[in-house]
Amino acid sequence: VTVFEPGERVLLVDRKGRRYLVTLKAGGAFHSHAGLVTHDAIIGAPEGTKLQTTGGQTLIAVRPTLVDFILKMPRGAQVIYPKDIASILISADVFPGAMVLEAGTGSGALTLALVRAVGPSGRVVSYDIRDEHASKARTNVESFFGRVPDWLDLRIGDVSAAEPGPEVDRVILDLPEPWRVVPRALDALRPGGIFCCYLPTVPQVSQVTEALRGAGFTDVTTTETLVRTWHVEGQSVRPDHRMVAHTGFVTTGRSLGGGEP
Ligand SMILES: C[S@@+](CC[C@H](N)C(=O)[O-])C[C@H]1O[C@@H](n2cnc3c(N)ncnc32)[C@H](O)[C@@H]1O
């Protein structure tokens with residue numbers, strides 16, 4: 001069993017399910033409306049430890065999941081919702097060892113998921129045209145992994161002119177005009193490689209679909225993912241009253257080659 005160490009992040013969850021993300025520091029304290037807990041009470045303890053605040057409230061200490069981190073991390077650009085990240089990873093068939101070209105990096109939410117999915121035998125080259133977004137993403141990546149993993153290359157620039165290197169397996173885009181990137185993607189992707197983009201509106205989906213078909217991509221598909229959470233308590237078991245009705249569409253297409261050799 002690995003125990004919490006100084007410098008690590010811990011997620012504290014109270015009885016009502018409220019979640020607090022805390023970075024542990026020897027001598028530090030977490031303050032809530034129900035009193036405080038010292039970091040020293042968490043450091044050296046295993047995950048699942050129950051803690052009492054000075055006000056008598058119980059908190060459970062666990063390591064944050066990727067989604068816990070994404071929902072709490074600082075953002076500049078709008079991040080992709082976890083349900084859409086899940087859909088992108090499967091729709092684009094991101095696998096361990098894959099070489100992925102991504103843009104725009106934005107706040108780095110999708111980048112974190114891609115880096116984890118491809119693992120150390122893969123590579124993610126991520127472009128953002130705005131350096132303030134790239135540097136926010138870098139800070140988030142460092143905060144999540146403790147460093148920038150050596151299989152992630154964060155670059156500033158326009159992805160339409162990207163030089164990602166040979167044998168790109170996947171091009172994954174979250175930016176407003178992905179059709180401008182289709183010619184570059186066609187050159188960069190190996191035959192059989194997958195182009196995937198995330199878009200909020202229907203006209204954008206039409207335009208990128210036409211661009212992909214025009215460039216000879218096959219299997220061009222668009223999906224939308226709706227997630228409905230449920231309230232489950234005693235006899236009251238029903239869908240929650242509110243849900244996120246719309247975020248975006250995921251469009252994918254498969255390259256048959258045809259770009260630069
Ligand atoms: C909605 S954000 C991406 C959010 C990101 N997927 C996340 O989960 O945090 C869109 C980003 O695309 C960048 N961008 C727009 N056009 C671009 C281009 N042609 N090349 C590279 N980045 C671009 C913007 O600067 C912005 O940071």
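The values are calculated or read from the model by the stated rules, or taken from the named source; none is laboratory data. Keep in mind it's a predicted model, so treat the numbers as computed, not measured. Positions of Cβ are generated from backbone atoms using ideal geometry, with glycine treated the same way; all protein chains shown enter the neighbour counts. Note: areas computed on protein heavy atoms with side chains; ligands, DNA, RNA excluded. Shrake-Rupley method; radii C 1.70, N 1.55, O 1.52, S 1.80 Å.
Table for the structure above
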read-out	value
Segment 15-52: number of residues that are on the phi > 0 side of the Ramachandran plot and either assigned to a loop (DSSP other than H, G, I, E, B) or at pLDDT 95 or above (or both)	4
Qualifying residue in segment 98-111 (condition: of a type in the set (Asp, Glu) and more than 26 Å from residue 225 (Cα to Cα))	no
Hits in segment 213-261 (condition: among the basic types (Lys, Arg) and surrounded by fewer than 11 Cβ atoms within 10 Å (Cβ to Cβ))	228, 238, 242
In segment 180-205, the residues that are surrounded by 13 or more Cβ atoms within 10 Å (Cβ to Cβ) and in a helix (DSSP H, G or I)	180, 181, 182, 183, 184, 185, 186, 187, 188, 204, 205
Segment 90-111, residues that are part of a helix (DSSP H, G or I), more than 8 Å from the ligand (Cβ to nearest atom) and among the aliphatic types (A, V, I, L, M)	90
Criterion violated by residue 114 - all others in (1) open to solvent by 30 Å² or more (accessible area, probe 1.4 Å); (2) within 14 Å of the ligand (Cβ to nearest atom); (3) under 27 Å from residue 187 (Cβ atoms) satisfied	(1)
Qualifying strands (runs of 3 or more DSSP E) (wholly inside segment 118-179; at least 2 residues being touching a residue at least 24 places away in the same chain (Cβ under 8 Å), over 20 Å from residue 76 (Cα atoms) and away from the ligand (no atom under 15 Å from the Cβ))	168-173
